[in-house]
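Report on the following structure.
What follows is calculated from the coordinates using simple rules that are stated; it is not laboratory data. Keep in mind the model is a prediction, meaning the values are calculated, not measured. Positions of Cβ are generated from backbone atoms using ideal geometry, with glycine treated the same way; all protein chains shown enter the neighbour counts.
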Amino acid sequence: MASLANDQNGERRASRTVSRKIIVLGFRGVGKTSMVKQYVDNVFIPEDSYVPTIEQSFKKSIFIDNVNIKLEIIDTAGKDEYATFSRSSSVGAHGYIFVFSVNSKSSLDNLIKVRENLLNLIGNDTVPSVLVAQKCDLKQREISDSVAEDIARQWNCPLLKISAKMNVNVSKVFDKLIRLIEKDSGLLQPESKKGCNIL
């Protein structure tokens with residue numbers, strides 16, 4: 001197992017460093033960029049200042065189980081069910097975050113099609129992924145928990161209910177996906193059994 005040492009300045013130093021690429025996908029306006037910015041910069045972007053995303057790349061280094069993981073996070077432009085994928089949405093990706101908004105049924109309907117298109121593109125039946133129910137702080141809902149849970153079971157992936165605005169469960173999304181990516185690599189310690197993947 002990788003060991004963690006302290007350098008002369010007392011800062012953490014991992015004996016192993018790896019790079020991983022994560023793609024964030026979802027319909028426009030669901031809060032993908034807000035989630036990523038909250039995770040990377042601890043900043044929330046208010047909805048009234050929302051500008052449709054042109055694909056962006058973010059970098060963040062984190063330590064998990066004494067391993068230094070250098071993340072490249074691709075925040076894709078909002079996609080509808082007919083959208084084509086850019087090269088960066090499929091090539092070299094280790095895992096995917098599929099985001100919908102709890103107050104928009106169309107965002108989940110479109111996300112289902114987006115995932116189907118992605119799987120057809122890469123030729124796999126499944127990919128390491130997390131399903132994210134964004135804006136869980138809102139009282140107005142168009143998607144019930146049970147509907148989202150059914151989709152997660154069909155996709156055989158965890159569902160996490162988050163709020164980028166309140167910074168609820170945002171970091172857990174990325175931690176969960178990284179552990180899924182490394183599930184069979186032996187790089188990270190096995191995640192303790194917590195009974196349920198729905199947070």
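Structural remarks
- Among 107-119, 22-34, the peptide with the highest mean count of other Cβ atoms within 10 Å heads the list, and the full ranking is 22-34, 107-119.
- In terms of the mean number of neighbouring beta-carbon atoms within 10 Å, the peptides 54-61, 71-78, 147-154 order highest first as 71-78, 147-154, 54-61.
- Note that region 32-43 has calculated 3J(HN,Hα) couplings of 4, 5, 4, 5, 5, 5, 5, 5, 7, 10, 6, 10 Hz, one per residue in order, obtained from phi through the Karplus relation 6.51 cos²θ - 1.76 cosθ + 1.60 (θ = phi - 60°); glycine and proline are x.
- Residues ARG16 and ARG141, FRET efficiency given R0 of 45 Å [Cβ-Cβ distance, rounded to 0.05]: 0.60
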